[in-house]
Amino acid sequence: MDRRFDGKVAVVTGAGSGFGKAIAERFGHEGASVVLADIDETNGRAVTDALAAAGVDVMFVATDVSQSDQVKRLIDSTVERFGGLDILINNAGFSHRSMLMWELPEEDFDRVFAVNTRGVFLGCKYAIPEMAKRGGGVIINTASIGASCPRPGVTAYNATKGAVVTLTRGLAVEAARFKIRVNAVNPVASETGFMKGALGVERLSEEAKAGLIAGIPLRRLSEPADVAASVTFLASEDASFLTGVCLDVDGGRSIS
Ligand SMILES: NC(=O)c1ccc[n+]([C@@H]2O[C@H](COP(=O)([O-])OP(=O)(O)OC[C@H]3O[C@@H](n4cnc5c(N)ncnc54)[C@H](O)[C@@H]3O)[C@@H](O)[C@H]2O)c1
């Protein structure tokens with residue numbers, strides 16, 4: 001594997017599972033020092049320990065991304081341990097249980113916005129001044145193809161991701177003055193821990209899976225490795241002229 005991130009420091013939120021785990025692993029295997037953050041300490045520490053055993057310079061910081069003091073502590077402890085940060089992946093997120101929007105409890109609406117949208121705001125708020133001191137950086141937000149192609153049942157969730165797409169594009173212009181690039185990825189459905197939150201099941205039924213795949217021209221769901229490959233591309237020097245890009249990692253779903 002190339003070592004595109006030798007000497008770089010990457011912070012990945014939601015790194016204990018799914019996309020975030022694959023993203024943290026890919027950055028680590030490509031030479032970055034990686035700070036893993038997750039609200040789930042057990043999973044977060046397990047991924048961190050496995051990377052450390054593989055020789056990656058890592059640190060875990062238990063973090064609820066919706067809480068300002070915890071996100072500040074994440075960035076402060078990164079700077080303390082590694083001297084700064086170059087890359088922030090705002091990936092932590094979840095969906096409320098699938099239901100018609102007017103039936104969604106108000107507290108579920110508030111929580112999904114607090115994590116998926118406010119969490120991205122807080123990550124950027126504390127990371128950007130540190131990246132500016134370093135002369136530049138890269139932020140990548142995990143949005144969703146649901147931002148532009150919303151499926152019924154997860155309307156509030158999709159709205160959190162629509163906000164992340166708009167935030168990404170607006171912030172890209174603001175942060176360019178510091179040579180900070182801000183991009184996003186828009187994955188299509190993947191069988192990660194996310195499904196359990198949205199559907200209340202460990203795995204999709206074959207029927208549900210076939211229904212999702214039928215709407216994806218490349219005829220499969222996304223895998224964490226697909227998202228990690230796109231995120232690390234956007235973070236790499238090959239993408240040095242890309243900012244405000246919201247990359248559909250969706251096998252063509254958005255154009256079908
Ligand atoms: N899986 C999909 O179908 C899909 C599709 C598009 C976008 N996404 C997005 O991808 C991102 C990653 O999700 P995933 O599919 O890997 O799911 P996942 O459940 O496997 O992983 C999400 C991780 O985020 C953590 N997390 C949740 N709330 C948190 C909080 N408040 N603070 C810190 N960590 C928190 C979880 O503990 C978990 O480890 C999310 O933003 C999700 O919305 C997922």
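The values are calculated or read from the model by the stated rules, or taken from the named source; none is laboratory data. What you are looking at is a predicted structure, and each value in this text was computed from that prediction instead of being measured. Here the Cβ is made from the backbone with ideal geometry for all residues, glycine too, and neighbour counts use every protein chain on show.
Of the conditions (1) crowded, with 21+ Cβ neighbours inside 10 Å; (2) charged (D, E, K, R); (3) in a loop (DSSP other than H, G, I, E, B), Arg181 clears all except one; give me its number.
(3)
Check Leu104, Leu100 and return the single one that is under 21 Å from Ala159 (Cα atoms), over 17 Å from the mean Cα position of the chain (by Cα) and buried (at least 16 other Cβ atoms within 10 Å of the Cβ).
Values: Leu100 fails: buried (at least 16 other Cβ atoms within 10 Å of the Cβ).
On inspection, the qualifying residue turns out to be Leu104.
Counting just the residues of the stretch 2-44 that are in a loop (DSSP other than H, G, I, E, B) and of a type in the set (Asp, Glu), which one comes out farthest from the ligand (Cβ to nearest atom)?
This residue is Asp6.
Residues being within 10 Å of the ligand (Cβ to nearest atom) and either part of a strand (DSSP E or B) or of a type in the set (S, T, N, Q) (or both): count how many of those fall in the stretch 62-88.
Within the stretch 62-88, residues that are within 10 Å of the ligand (Cβ to nearest atom) and either part of a strand (DSSP E or B) or of a type in the set (S, T, N, Q) (or both) number 5.
Note down all Cβ pairs under 7 Å where the first residue falls in the stretch 77-105 and is over 19 Å from Gly136 (Cα atoms), the second is within 16 Å of the ligand (Cβ to nearest atom) and of a type in the set (Ser, Thr, Tyr), and they're at least six residues apart or on different chains.
Taking only residues 6 or more apart or on different chains, the pairs are Asn91/Thr13; Asn91/Thr142; Ala92/Thr13; Gly93/Thr142; Ser95/Tyr157; His96/Tyr157; Met101/Thr155.
Phe233 is checked against (1) over 15 Å from Ile145 (Cβ atoms); (2) not in a helix (DSSP H, G or I) and fails just one. What number does that condition carry?
Every condition holds for Phe233 apart from (2).
Between a first residue in the stretch 190-205 that is over 14 Å from Arg97 (Cα atoms) and a second residue that is near the ligand (Cβ under 6 Å from one of its atoms) and not β-branched (Val, Ile, Thr), which pairs have beta carbons less than 8 Å apart while being 6 or more apart in sequence or on different chains?
Here the result reads Ser190/Gly18; Ser190/Phe19; Thr192/Ser17; Thr192/Gly18; Thr192/Phe19, each pair linking the stretch 190-205 to a residue that is near the ligand (Cβ under 6 Å from one of its atoms) and not β-branched (Val, Ile, Thr).
If only one of Asp2, Asp49, Asp76, Asp6 is loosely packed, with under 15 Cβ neighbours inside 10 Å, modelled with pLDDT under 95, out of contact with any strand residue (DSSP E or B) (no Cβ under 7 Å at 6 or more places or on another chain) and of a type in the set (Asp, Glu), which one is it? Give the steps one after another, and end with the answer.
Numbers: Asp49 fails: modelled with pLDDT under 95; Asp76 fails: modelled with pLDDT under 95; Asp6 fails: modelled with pLDDT under 95.
Of the residues listed, the single one that is loosely packed, with under 15 Cβ neighbours inside 10 Å, modelled with pLDDT under 95, out of contact with any strand residue (DSSP E or B) (no Cβ under 7 Å at 6 or more places or on another chain) and of a type in the set (Asp, Glu) is Asp2.
For Arg181, which of the numbered conditions (1) within 13 Å of the ligand (Cβ to nearest atom); (2) of a type in the set (Lys, Arg); (3) touching a strand residue (DSSP E or B) at 6+ places or on another chain (Cβ under 8 Å) fails to hold?
Result: Arg181 passes all but (1).
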